[in-house]
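The values are calculated or read from the model by the stated rules, or taken from the named source; none is laboratory data. Predicted model only: the values in this text are computed from it and were never measured. Positions of Cβ are backbone-derived with ideal geometry, glycine not excepted, and every protein chain shown enters the neighbour counts.
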Amino acid sequence: MYEINHERPMEYSREPAPEEYDLGWWLDEVSGWTASRFPSPAPARLREDGPLRQALLAEFLLLSACAAKASRALAALVVVAPDGACLEFYSTQLLDEVRHRRMYRAHLLEIGFSEQELDETGRTQVAARSVLPFAKGCAWEETMDGDFYRGVLALTVLAASTITSITGLSERKWRALGPVAARIQASVNRDRQRLLDVGRTVIGRRLRTHPGDRRRLMDLVWSGREFCPSDPLFEALSAQEELFQEGMERFASLVPGYELWPGRLILATTADDRVSAARQNTEALRDLWLSDLLLDG
């Protein structure tokens with residue numbers, strides 16, 4: 001089973017390859033993981049209307065919209081995959097994103113929201129489009145320009161790095177107040193870390209065999225800040241964290257000694273603290289990726 005080091009996700013000790021995580025591996029290890037694998041009933045505090053429940057609704061609706069956009073972006077990668085290993089790996093990642101969307105929505109239904117409420121996602125869909133604008137129509141086609149490696153780089157460095165930072169924060173903050181939500185996020189984080197790590201291997205191999213591609217991929221990343229801004233997503237996250245803060249303070253007696261990070265009690269953090277940490281983690285992940293792959297040599 002693929003393992004992720006949640007405490008130090010920025011360190012790489014190996015080079016996971018797409019051929020390791022082919023369709024057979026996915027069918028054996030991942031395919032059955034849906035919300036039904038987390039049967040614990042949701043606590044009453046998430047079934048009752050209030051800021052904590054609304055924070056979870058806003059967060060999971062936003063992330064389900066992001067997963068839907070990511071699945072469409074991955075479909076475009078599958079079409080131009082250069083070999084069988086990449087074809088199988090990115091096909092499984094497409095299915096993972098569809099699975100993530102299903103898990104998010106299933107948990108919201110389980111705590112009492114209706115399908116109609118879940119479909120009223122206008123504001124979160126706007127934020128998701130800002131993170132993944134290339135995942136629909138010509139914008140994505142122009143970004144890829146029929147180039148598989150441009151697509152991998154855009155999806156991993158520019159989009160998945162942001163979303164992974166947010167789901168990593170989410171897993172930690174919900175452990176005490178919404179354990180099922182936290183376990184869903186842990187599953188999503190394992191999948192997203194695999195997407196990032198294998199993408200790193202794919203791009204690294206390409207640059208070793210085609211060093212002339214380095215500059216045009218670098219140009220994509222620098223210009224990518226314009227067509228894939230993270231600010232709208234963090235604006236949505238800020239609003240969610242304000243709701244979570246209010247809900248957390250209401251149930252402070254349940255988390256008196258819980259540490260969000262080592263040495264930092266969750267009750268001692270603010271919404272701004274948590275958003276800032278997610279931003280910093282996104283930049284650190286992008287910088288590590290780029291220094292490792294594009295700035296060396």
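Could you please find all residues in region 20-31 being in a loop (DSSP other than H, G, I, E, B) and at pLDDT 75 or above?
ASP22
Looking only at region 268-280, filter to residues that are out of contact with any helix residue (DSSP H, G or I) (no Cβ under 6 Å at 6 or more places or on another chain), surrounded by 14 or more Cβ atoms within 10 Å (Cβ to Cβ) and at pLDDT 95 or above; which one of those is farthest from ARG45 (Cα to Cα)?
Only one residue tops the list, namely ASP273.
Need pairs with beta-carbon distance below 7 Å; first residue on the phi < 0 side of the Ramachandran plot and within region 204-221, second among the acidic types (Asp, Glu); sequence gap 6+ or separate chains.
Every condition considered, the pairs that remain are ARG206/ASP213; LEU207/ASP213.
Can you name every residue in region 32-49 that is part of a loop (DSSP other than H, G, I, E, B) and modelled with pLDDT of 65 or more?
Correct list: PRO41, ALA42, PRO43, GLU48, ASP49.
Is there a residue in region 255-266 that is modelled with pLDDT under 95, assigned to a loop (DSSP other than H, G, I, E, B), loosely packed, with under 14 Cβ neighbours inside 10 Å and hydrophobic (A, V, I, L, M, F, W, C)?
no
Residue by residue through region 228-254, note down the ones that are among the polar types (S, T, N, Q) and surrounded by 15 or more Cβ atoms within 10 Å (Cβ to Cβ).
SER230, SER238, GLN240, GLN245
Please determine, by comparing only the residues of region 64-102 that are over 24 Å from ILE184 (Cα atoms) and among the β-branched types (Val, Ile, Thr), which one is surrounded by the fewest Cβ atoms within 10 Å (Cβ to Cβ).
Step by step, filter region 64-102, then rank; the result is VAL79.
Contact list please: Cβ distance under 6 Å, first residue in region 250-261 and among the β-branched types (Val, Ile, Thr), second residue surrounded by fewer than 11 Cβ atoms within 10 Å (Cβ to Cβ) and part of a helix (DSSP H, G or I), pairs at least six apart or on different chains.
none
How do the helices (runs of 4 or more DSSP H) wholly within region 135-219 filter down when requiring 2 or more residues that are modelled with pLDDT of 85 or more and under 19 Å from the mean Cα position of the chain (by Cα): which remain?
148-153, 161-174, 179-209
Can you tell me which residue is modelled with the highest pLDDT among those in region 227-241 that are in a helix (DSSP H, G or I), hydrophobic (A, V, I, L, M, F, W, C) and farther than 12 Å from ALA278 by Cβ?
Applying the filter and picking the extreme gives ALA239.
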